[in-house]
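These notes concern the structure reproduced below.
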Amino acid sequence: MFTALYIIGGLIALVLLLHLIGPKNYNVFRTVEISRPKQEVFTYLKSLKNMDDWSPWAKKDPNMKKKFTGTDGEVGATSYWLGNKEVGEGEQEIKKIIPNERIESELRFLKPFKSTSDCYIDVEEVSNGNTQVKWGFSGTNKFPMTIMSLFKSMDSMVGPDFEEGMASLKAVMEK
């Protein structure tokens, strides 16, 4: 009886310890340089509807249901999606726009699990009319993600999707 209690207590202590040492925050981003002027790139990127042209998740479920509310490209515009198990269900809302510099959105995932992340796109003129785009998202790991992130980082889980998205964005913008 006491042995079982010690084992259970030890397991609880291990879980708590792993939770305490696990990463509490994440920030995943990728960059790409596009051979287009900064204003043109920024104008294209602030449209949530344009995201379907280059988003890796749109390719994972071309039949996903989409609904847009608000004025696209302005604060308050929201894109809702309901897709297959690879893309789940959620919405993205534009929260802040710094003209020709930054677009900040809130990602609200509903399925397969609930979570909220901050999404951002930064644009910067680099040279000769080229523009660097930085696309990323950040947030807080909650239990049990703090433990899972010890073994598989958020970057390794979604980083390849961001790389694919940046390559698609470059191809779309430069054609």
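At a 10 angstrom cut-off on C-beta neighbours, averaged per residue, how do the peptides 154-163, 36-45 rank from highest to lowest?
Final packing ranking: 36-45, 154-163.
Using only Cα atoms, what is the ratio of the radius of gyration of the stretch 68-175 to 2.2 N^0.38 Å?
In units of the globular-protein estimate, the stretch 68-175 measures up at 1.19.
Over the stretch 1-74, with the other protein chains present, what is the accessible area per residue in square angstrom, probe 1.4 angstrom?
The answer is 66 Å² per residue.
Roughly how tilted is helix 2-21, in degrees to the nearest 10 and between 0 and 90, from the longest Cα axis of the chain?
Around 20 degrees separate the two axes.
In degrees from 0 to 90, rounded to the nearest 10, what is the angle of the helix 154-174 Cα long axis to the longest principal axis of the chain?
Helix 154-174 sits at roughly 10 degrees to that axis.
Just the number, please: carbon plus sulfur as a percent of the accessible area of the stretch 1-153, 1.4 Å probe, no ligands or DNA/RNA counted.
Carbon with sulfur: 58 percent of the solvent-accessible area.
Sort largest first and round to whole Å: the equivalent ellipsoid semi-axes of the stretch 5-116, each the square root of five times a Cα gyration tensor eigenvalue.
They are 36, 19, 14 Å, listed largest first.
The values are calculated or read from the model by the stated rules, or taken from the named source; none is laboratory data. Please read these numbers as outputs of a predicted model, since none were measured by experiment. Methodologically, a virtual Cβ is constructed for each residue, glycine included, from the backbone with ideal geometry; neighbour enumeration extends over all protein chains shown. In case anyone asks, the SASA skips ligands and DNA or RNA and just uses the protein heavy atoms, side chains included. Shrake-Rupley method; radii C 1.70, N 1.55, O 1.52, S 1.80 Å.
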